[in-house]
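S.K.: One structure, as C-alpha cells, below. Some questions next.
The values are calculated or read from the model by the stated rules, or taken from the named source; none is laboratory data. Model, not experiment: these values are computed from the prediction. Methodologically, a virtual Cβ is constructed for each residue, glycine included, from the backbone with ideal geometry; neighbour enumeration extends over all protein chains shown. Ligands, DNA and RNA are stripped out before the accessible areas are found, and what is left, the full protein with its side chains, is counted by its heavy atoms. Shrake-Rupley method; radii C 1.70, N 1.55, O 1.52, S 1.80 Å.
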Amino acid sequence: YHHPVEREVVLMQDDRWPVSDSQQPPYRWICSLKVFFPEPVFYPLSLVEGMGRSWSDIQSGTTGCGSGTLISPMQVLTSAHVLCGLKMWWDERKGGQLCFQLVPAKKVLVLPARNESTTHRTQAFGSFSAKHIHIPAAFRKAMEVPVRQLTPERVRQALQWDYGLINLAPRLHKAPRWTRQPGWWGAAPDFLIGAEPTEQKGEVCVAGYPGELGAGPCTTLWQSCDQLVELAERDADKALLYYQADTSAGMSGSPVWTQQRDGRYRLLAVHSSFLRLTEKASGRKRTVNTGVRISSRMKRHLKRWGLGRQGII
C-alpha cells in the first residue's frame, strides 16, 4: 500500500543523493523494511498525505516497505504506520457502525545497510525477521474509530504517536558472531546518542529507502540534509520536529539526525510524514516534512518494550 506517486513528499527541488557506501557510519545502522500483512489493509496516513481524498478513493494492499534504525544489536526503531495497516469492519459494540481496526504486520524482514542498484546488490548483513513488533497504545486508540470520525485532523493529531519498535529474532543456524548482530557498532554503543533537540535551528539529515528510486522499492539508500523549520506549534505538534530535508514514500521510519562538532551523530527524531503548517516568523503556510522527536515519553515506551542497556536511547 506504499504508493510512491501518491505520496511524493519532495519539497520543491529534489536534493537527495544516493549513499555510495552503506557500511560506513551512520548508514550501517539504517535498515530497509519489507512488510507483509495477513489481509488487504489501508495506509493509515492516507487522508493527511492524500490531500483532500476520501477513504473510498484509496486502494488497499497486502505489502509495504519502509525504513528503520538499529538502536540496539537486535532492535529497530521505525514508524508505527509502517508496521500496521487499517481494515474496515462492522462493529456491533458501536451500534453496527463501520469502523477501522488496526492490523499488525504478520511478517517484517529487516535488511540493515541494504544498498542495491541495477549493477550490484549489497545486503551487507543479510536479512532478519521480526520476532515482536510494538506501537503505542495511543496510536491504536486514535485509529480505531468509526470511519467517518477518522478525519485528516485526527490522523494529524496521531502523528505524535507514530513510532514503533521491532525486536529481531536471533539467527538459529551456526554463523560467525558478526552476522548475528546486524550492523551494530560493537564497542561504541553510545556513538549515536538519542536526545531531545535543544533548539530549533540548524541542519538535519534524513536517510532511508524511497519506494520510487533505485533498483526496486526500498532497495537503495538515499539521503537529504536541510534546515530545521520553526513553526507556530500547537500542543499536539510539540512532539514533532519539522525540516526541509526531502523524503518520499518508503522513507517513513528513517532516522533524523545531526552531526556534532566532535563528529558524533545525534539522533533527533523518527521520520513520519509531512504537513502543511504556519511558519512562526512570517505567518505564511508552508509544507514541511516531520518526524517524531526522541522524547522522554518515547524512551519510556522503548524501555517498556524491551530496550536494554545496550541500546543507544
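S.K.: Report whether or not Cys65 is at pLDDT 90 or above and open to solvent by 10 Å² or more (accessible area, probe 1.4 Å).
M.R.: Against the criterion (at pLDDT 90 or above and open to solvent by 10 Å² or more (accessible area, probe 1.4 Å)), Cys65 qualifies.
S.K.: Also, quick follow-up: Under the condition of being open to solvent by 50 Å² or more (accessible area, probe 1.4 Å) and not hydrophobic (A, V, I, L, M, F, W, C), which residue from region 245-282 is modelled with the highest pLDDT?
M.R.: Here the residue is Arg266.
S.K.: Moving to a separate point now. Would you confirm whether or not region 125-139 contains a residue that is open to solvent by less than 30 Å² (accessible area, probe 1.4 Å), aromatic (Phe, Trp, Tyr) and within 24 Å of Trp222 (Cβ to Cβ)?
M.R.: Among the residues of region 125-139, at least one is open to solvent by less than 30 Å² (accessible area, probe 1.4 Å), aromatic (Phe, Trp, Tyr) and within 24 Å of Trp222 (Cβ to Cβ), which makes the answer yes.
S.K.: Okay, moving on. Considering only residues that are without any contact (Cβ under 8 Å) to a residue 40 or more places away in the chain and under 15 Å from Val103 (Cα atoms), look in region 141-174 and name the one that is most open to solvent (accessible area, probe 1.4 Å).
M.R.: Lys141
S.K.: Check whether at least one residue in region 113-125 is assigned to a strand (DSSP E or B) and either among the hydrophobic types (A, V, I, L, M, F, W, C) or modelled with pLDDT of 95 or more (or both), and report yes or no.
M.R.: No, because not a single residue in region 113-125 is assigned to a strand (DSSP E or B) and either among the hydrophobic types (A, V, I, L, M, F, W, C) or modelled with pLDDT of 95 or more (or both).
S.K.: Within region 125-137, is there a residue that is basic (Lys, Arg) and in contact (Cβ under 8 Å) with a residue 60 or more places away in the chain?
M.R.: Checking region 125-137: not a single residue is basic (Lys, Arg) and in contact (Cβ under 8 Å) with a residue 60 or more places away in the chain.
S.K.: Report, by residue number, each residue of region 58-71 that is under 20 Å from Pro217 (Cβ atoms) and in a strand (DSSP E or B).
M.R.: If the condition is that a residue be under 20 Å from Pro217 (Cβ atoms) and in a strand (DSSP E or B), then Gly61, Thr62, Thr63, Gly64, Cys65, Gly66, Ser67, Gly68, Thr69 are the ones that fit.
S.K.: Could you tell me whether any residue of region 72-90 is surrounded by fewer than 17 Cβ atoms within 10 Å (Cβ to Cβ), part of a strand (DSSP E or B) and among the basic types (Lys, Arg)?
M.R.: Looking through region 72-90, at least one residue is surrounded by fewer than 17 Cβ atoms within 10 Å (Cβ to Cβ), part of a strand (DSSP E or B) and among the basic types (Lys, Arg).
S.K.: All but one of (1) more than 13 Å from the chain's Cα centre (by Cα); (2) under 22 Å from Gly291 (Cα atoms); (3) of a type outside the set (Asp, Glu); (4) outside any helix (DSSP H, G or I) hold for Pro40; state the number of the condition that does not hold.
M.R.: If we test Pro40 against (1) more than 13 Å from the chain's Cα centre (by Cα); (2) under 22 Å from Gly291 (Cα atoms); (3) of a type outside the set (Asp, Glu); (4) outside any helix (DSSP H, G or I), just (2) comes out false.
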